[in-house]
Every structure is written in structure tokens, then in C-alpha cells.
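In what follows, a single structure is set out as C-alpha cells and then discussed.
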Amino acid sequence: MNAEIKISPAASEFVESVLALKPRVAVFDCDDTLWLGDSGADFFYWEIERGIIPADLGKWAVARYADYKAGKVDEETMCGEMVTINAGVPVTILEEAAEEFFTSVVERHGRIFSEMQQLTQDLNNAGCELWAVSSTNVWSIRAGMSRFGIAADHVLGASVEIENGLATNRLVRVPTDEGKAKAIQECVNNPVDVCCGNSIHDAAMLELARHPFAVNANPDLELIAREKGWRIYMPMRTNKHP
């Protein structure tokens, strides 16, 4: 195992139990599965604070997100709007911002789940085909993938068409709920052996796997997992960087 990643005996047992399945294809949700928290929402506020999104549009978006949290806007619509809000922004700026965000907000504050990082790295070293599927914007998800051994072209995130190097408001996909399963069926050519997710929005893609894992499960997914006999695992965080 990677000596730089410290995990507990229980975490090591979890990693080894997954490796023992010898999966050839593994799929992972990202927010609250590979790392703690909603990086999509965090990146959204981070963009607004730094002026990447214009102030007037940012003000509208903050109010819109409050409506989403209050249950007035559905998941797919909100996740789509959090990507299309970047229309007109150069992709190079979004990619640079996403890398800075992931390093300074997610990684530096110890939000990565240690054993999930170890697991993905070990699976990658074993030749397993790895995919990440998330309703979060594709830029911030791709920025984190080098820590997990997942190739950028194996990231299925909320995304838009790119024109002349600029993000547009034309959605390509917003993988959530059944949309996650659809994205996998469209892009992953081989059967899914292992799949990890944390919420009810991951349930449809977990159904595709031979071995589904409810990782850091929300109460809604935990209930489903217990009914279906899926393994439930609660991960730990990495230590904070100095």
C-alpha cells in the first residue's frame, strides 16, 4: 500500500475486501463518497467569491440554490444550472480555478477519505478500469482525479458543450439518479463489478453493479442498502495538511 496514506485496521480490511473481489470495472460517486462534503456547491460559492461568475448572476444563483435546499428546485435542474452558470467563461480559467479549489479547499482541509484514495489507487495498480460519476460540474471533479488514479476521460460529470474554448449553456449531461445509470450504460463498455455511492441519487447506478457498496451512506441510501443486503461502510478522513 502507499505509505503516504495512513488508514486504520478496519479501513485496511475494507480495502482488502474489495480488492479480493478482483473487479475489472469499478465506478465511484465523488461528493461524500471519495471525499467529504458537496464540492459542487463549495466550488459554486468559491467561483462567486472570486468573481469568475458576475456578481448579479451570482446573487441570482445563491437565491436559486437556497430554493433548491428548501426543496423548491429538483436535483437535476439545480446541478444543471450550476454548470450552465459558467456560460461564456473560458474553459482554461475553469480548469485552473478547479485545480486551485480542489487543492486548497478539499485536499488541504483533509476532506479526502483515506481508504477510498487507497482503494482507488490499489485498484488502478491492479489493472481495474476506474470511472467517476457525479452530478457535480466536471471541472472540479476532474481536478481531484489525479489523487485517485482515475483518468480525466473516465469522469462523467455535469457538463456543457464547449464552443471556441468557452463554456456554453447547452448541457451535455447531468448524471444524477437514473441519469447516472444511463451515463454508465452509454460510456462504460464492460459490466460494472464494484460501485460505490452515498445517497439515494446513486441508487440506480448501484443497481448496475455485481457488488454495490453504500459508502458514507445517507439515511435514505442506508435504508435501501439494508433492504437489498448491500454492504455499508463509513470511511475516515485524511489528516489535515499543515
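The values are calculated or read from the model by the stated rules, or taken from the named source; none is laboratory data. Since the model is a prediction, treat every value here as computed from it, not as a measurement. Here the Cβ positions follow ideal geometry from the backbone for every residue, glycine too, while neighbour counts run over all protein chains shown.
Residues in region 80-100 that are among the acidic types (Asp, Glu) and within 15 Å of the chain's Cα centre (by Cα): GLU99 alone.
Does MET116 count as under 27 Å from VAL188 (Cβ atoms) and in contact with a Pro (Cβ under 7 Å, 6 or more places away or on another chain)? Spell out how you get there, then give the answer.
Numbers: under 27 Å from VAL188 (Cβ atoms): yes; in contact with a Pro (Cβ under 7 Å, 6 or more places away or on another chain): yes.
When the stated conditions are applied, MET116 passes them.
With respect to the conditions (1) surrounded by fewer than 21 Cβ atoms within 10 Å (Cβ to Cβ); (2) touching a strand residue (DSSP E or B) at 6+ places or on another chain (Cβ under 8 Å), THR120 falls short on a single one, namely (1).
Taking every residue in region 6-20 that is farther than 17 Å from LEU123 by Cα and assigned to a helix (DSSP H, G or I) and pairing it with any residue that is at pLDDT 95 or above and of a type outside the set (A, V, I, L, M), at least 6 positions away or on another chain, the pairs with Cβ-Cβ distances below 9 Å are ALA10/GLU115.
Tell me whether region 169-187 contains one or more residues that are surrounded by 16 or more Cβ atoms within 10 Å (Cβ to Cβ), β-branched (Val, Ile, Thr), at pLDDT 95 or above and within 19 Å of PRO23 (Cβ to Cβ). For region 169-187, residues surrounded by 16 or more Cβ atoms within 10 Å (Cβ to Cβ), β-branched (Val, Ile, Thr), at pLDDT 95 or above and within 19 Å of PRO23 (Cβ to Cβ): present.
For the criterion of being on the phi > 0 side of the Ramachandran plot and among the small types (Gly, Ala, Ser), GLY51 passes.
Can you go through ALA126, ALA143, ALA151 and tell me which one is in contact with an Asp or Glu (Cβ under 6 Å, 6 or more places away or on another chain) and among the hydrophobic types (A, V, I, L, M, F, W, C)?
On the way: ALA126 fails: in contact with an Asp or Glu (Cβ under 6 Å, 6 or more places away or on another chain); ALA151 fails: in contact with an Asp or Glu (Cβ under 6 Å, 6 or more places away or on another chain).
Testing whether each residue is in contact with an Asp or Glu (Cβ under 6 Å, 6 or more places away or on another chain) and among the hydrophobic types (A, V, I, L, M, F, W, C) leaves just ALA143.
Could you check, for region 146-159, whether at least one of its residues is over 18 Å from the mean Cα position of the chain (by Cα), at pLDDT 95 or above and not hydroxyl-bearing (Ser, Thr, Tyr)? Break it down into steps so the answer makes sense when it comes.
Just the residues of region 146-159 that are over 18 Å from the mean Cα position of the chain (by Cα), to begin with: none.
No, region 146-159 has no match at all.
If you check THR103, THR77 for being part of a helix (DSSP H, G or I), more than 17 Å from the chain's Cα centre (by Cα) and either surrounded by fewer than 16 Cβ atoms within 10 Å (Cβ to Cβ) or not aromatic (Phe, Trp, Tyr) (or both), only one passes: THR77. Tallying residues that are of a type outside the set (A, V, I, L, M, F, W, C), part of a loop (DSSP other than H, G, I, E, B) and touching a residue at least 40 places away in the same chain (Cβ under 8 Å) within region 25-61 yields 6.
Which residue, of ILE53, ILE7, is at pLDDT below 95, within 22 Å of CYS195 (Cα to Cα) and surrounded by 12 or more Cβ atoms within 10 Å (Cβ to Cβ)? Outline the logic, then answer.
On the way: ILE53 fails: within 22 Å of CYS195 (Cα to Cα).
Result: ILE7 is the single residue among ILE53, ILE7 that is at pLDDT below 95, within 22 Å of CYS195 (Cα to Cα) and surrounded by 12 or more Cβ atoms within 10 Å (Cβ to Cβ).
Residue count for region 80-95 satisfying the condition of being more than 11 Å from ILE162 (Cβ to Cβ), of a type in the set (Gly, Ala, Ser) and in a loop (DSSP other than H, G, I, E, B): 1.
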